[in-house]
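The structure under discussion appears below in the form of structure tokens.
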Amino acid sequence: MRPFIFERATSPESAIAAFHADRATSFLAGGTTLLDLMKLDVVRPERVIDINALGANEIEISEDRLRLGASVRMADAEAQEELRRRVPMLTQSLALAASTQLRHMATLAGNVLQRTRCPYFRDVSWSACNKRLPGSGCAAMAGFNRQHAVLGASDACIATYPSDFAQALIALDATVDVVGRRGRRQLPFAKLHVPPGRTPEVETTLAPDELILGFEMPIEPWMSRSLYLKIRDRDSYEFALASAAVALEVDGGAVRQARIALGGVAAVPWRAREAEQALIGRVLDEASCQLAADIAFAKAQPREHNAYKPLLGRQTVARALLQAAAMEA
Amino acid sequence: MSAIHVTTKINGDVVDYVCEADETLLDVLRNRLGLTGAKEGCSTGDCGACSVTIDGRLTCSCLVLGAEADGREIGTIEGMAKGDELHPLQRKFLEHAALQCGICTPGILVAAKSLLEHNPKPTETEVRFGLAGNLCRCTGYDKIVRAVMDAAQEMRRA
């Protein structure tokens with residue numbers, strides 16, 4: 001690691017006050033992404049502000065709302081019995097990610113801000129990476145792009161967004177609670193990340209001095225009919241090749257409301273809204289679930305080594321929907 | 001760079017140390033405190049050879065700064081045996097020959113102890129998932145899983 005200045009913050013205010021716009025500053029929480037990328041020389045902060053003592057550890061579950069503090073560790077949210085029962089998609093997305101060690105370390109905010117696993121981004125010996133070195137090109141375009149995105153990518157970057165938990169948040173219409181120099185604000189989770197476009201180095205709409213304080217979302221009784229299905233090369237401790245977070249409100253056999261989000265296949269957290277719409281009023285069977293799955297991947301743009309992803313993704317969505325349909329909610 | 005003073009508890013003993021900002025907890029344990037049980041494998045949180053507990057939570061010490069340990073309680077493999085008396089997991093690893101080169105063993109023992117504290121009666125699948133963050137390139141895991149299952153059974157009887 002390159003040398004840096006270490007500071008501790010004990011409140012959001014002190015963390016923001018310690019932020020210096022003129023020196024590359026990083027907030028350190030679980031460290032599972034930041035220290036990893038510092039060791040790989042991909043990120044090079046001059047100041048690191050330890051925010052592990054600033055609070056934001058609350059898990060508040062009421063009849064119709066959920067609030068998860070930014071500093072809650074993945075393992076602690078995953079272990080909530082009531083959450084497992086009421087919104088299984090949320091706890092499954094956490095339980096199926098990473099390893100025991102990393103889930104005990106990583107925070108929820110850090111999870112959604114984790115950087116891509118694109119090997120050309122993570123290995124500085126590759127000179128072409130628009131995300132790491134804007135304007136340098138994208139080695140993944142003509143490289144080994146088996147893991148790369150088929151939705152939401154651009155000619156400048158085809159890196160896959162890696163978080164599972166974010167797919168549950170976007171499916172649940174979560175809100176992000178943020179604080180920074182200019183005060184506190186809330187934004188829809190769907191507005192937190194930005195597609196790569198021509199500036200893949202810009203990944204979120206957060207200002208550099210802004211911190212996530214927590215996530216809030218409405219929870220409704222029907223969300224007990226939800227799940228997270230993750231398809232990967234091995235059964236644990238691996239990122240998704242394709243995944244689906246689905247929740248279904250079913251009334252008299254017909255779909256009243258559907259939520260579908262896709263992991264492992266897109267450049268940002270990905271909500272398949274057109275696929276959701278196609279299910280409304282339909283009975284859940286092979287045909288309707290397959291139709292929704294087809295719509296979800298209608299605009300997929302595969303590359304040389306990830307041409308399998310639209311098919312795998314469609315099968316993942318269809319299977320997740322059929323499994324959710326069969327649940328006793 | 002200015003040195004950072006840290007007060008922590010390691011395996012029950014109060015320990016003070018001074019470290020640089022860019023030293024990990026693993027660096028401090030091994031290079032400053034002589035606790036060389038935790039190993040550096042990948043150094044990026046993938047292999048689990050550096051596993052310790054911080055405030056009872058299983059953690060990769062390679063992804064924690066030494067400075068972050070201030071006021072926390074660290075548990076390492078050195079605290080696992082009670083004097084000459086091995087922990088049941090350590091004994092079962094010997095009985096089952098659940099190690100070859102041994103580099104991953106301290107991390108796996110710390111992780112297995114943490115696993116059994118959370119789940120005293122794990123299924124084989126739960127052991128395999130629970131230890132997924134600890135890579136072993138020698139054994140193929142079979143004897144490791146058997147040793148953990150056997151130790152769990154013995155610990156339940158005790």
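Data for the structure
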quantity	calculated
Filter result for A:ALA156 (in contact with a Lys or Arg (Cβ under 9 Å, 6 or more places away or on another chain) and in contact (Cβ under 8 Å) with a residue 60 or more places away in the chain)	no
Whichever residue in the stretch B:33-44 is among the aliphatic types (A, V, I, L, M) and free of Cβ contacts under 8 Å to residues at least 60 places away in the same chain and, among such residues, is surrounded by the fewest Cβ atoms within 10 Å (Cβ to Cβ)	B:LEU33
Among residues of the stretch A:98-108, those that are farther than 14 Å from A:GLY31 by Cβ and either open to solvent by 10 Å² or more (accessible area, probe 1.4 Å) or without any contact (Cβ under 8 Å) to a residue 12 or more places away in the chain (or both), counted	1
Residue check for B:SER51: of a type outside the set (A, V, I, L, M), at the interface with chain A (Cβ under 10 Å from one of its Cβ atoms), crowded, with 24+ Cβ neighbours inside 10 Å and in contact (Cβ under 8 Å) with a residue 60 or more places away in the chain	yes
Test: residue in the stretch A:73-85 that is open to solvent by less than 10 Å² (accessible area, probe 1.4 Å), modelled with pLDDT of 95 or more, on the phi < 0 side of the Ramachandran plot and not hydrophobic (A, V, I, L, M, F, W, C)	no
Among residues of the stretch A:274-301, those that are part of a loop (DSSP other than H, G, I, E, B) and over 20 Å from A:LYS230 (Cβ atoms), counted	8
Residue match in the stretch A:122-129 (condition: surrounded by 24 or more Cβ atoms within 10 Å (Cβ to Cβ), at pLDDT 95 or above, more than 13 Å from the chain's Cα centre (by Cα) and not assigned by TED's automatic domain parsing to the domain that holds A:LYS39)	yes
Qualifying position, being without any contact (Cβ under 8 Å) to a residue 24 or more places away in the chain and among the charged types (D, E, K, R), among B:GLU126, B:GLU154, B:GLU95, B:GLU78	B:GLU126
Enumeration of residues in the stretch A:17-42 that are in contact (Cβ under 8 Å) with a residue 60 or more places away in the chain and of a type in the set (Asp, Glu)	A:ASP41
Residue among B:LEU131, B:LEU65, B:LEU58, B:LEU25 that alone is more than 8 Å from chain A (Cβ to nearest Cβ) and aliphatic (A, V, I, L, M)	B:LEU25
Residues of the stretch A:167-194 satisfying the condition of being buried (at least 18 other Cβ atoms within 10 Å of the Cβ) and farther than 26 Å from A:SER11 by Cβ	A:GLN167, A:ALA168, A:ILE170, A:ALA171, A:LEU172, A:ALA190, A:HIS193
Given (1) open to solvent by 30 Å² or more (accessible area, probe 1.4 Å); (2) assigned to a helix (DSSP H, G or I); (3) within 11 Å of another protein chain (Cβ to nearest Cβ), number of the condition B:ARG30 does not satisfy	(3)
Selection status of B:PRO106, in contact with a helix residue (DSSP H, G or I) (Cβ under 9 Å, 6 or more places away or on another chain), away from chain A (no Cβ under 13 Å) and closer than 17 Å to A:THR100 by Cα	yes
Residues that are open to solvent by 30 Å² or more (accessible area, probe 1.4 Å), over 20 Å from B:ASP70 (Cβ atoms) and in contact with a strand residue (DSSP E or B) (Cβ under 8 Å, 6 or more places away or on another chain), drawn from the stretch A:14-42	A:HIS20, A:ARG23, A:ALA24
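Per-residue answers, yes or no, for (1) within 24 Å of A:ALA29 (Cα to Cα); (2) in contact (Cβ under 8 Å) with a residue 24 or more places away in the chain; (3) in the same structural domain as B:ARG146 (by TED's automatic domain parsing):
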site: B:ASP27; (1), (2), (3): yes, yes, no
site: B:ASP46; (1), (2), (3): yes, yes, no
site: B:ASP55; (1), (2), (3): yes, no, no
site: B:LEU63; (1), (2), (3): yes, yes, no
site: B:VAL110; (1), (2), (3): yes, yes, yes
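The values are calculated or read from the model by the stated rules, or taken from the named source; none is laboratory data. Note that the coordinates shown come from a computational prediction; the quantities given were computed from them, not determined experimentally. Note that we place each Cβ from the backbone using ideal geometry, even for glycine, and neighbour counts take in every protein chain shown. Ligands, DNA and RNA are excluded from the accessible area calculation, which covers all protein heavy atoms including side chains. Shrake-Rupley method; radii C 1.70, N 1.55, O 1.52, S 1.80 Å.
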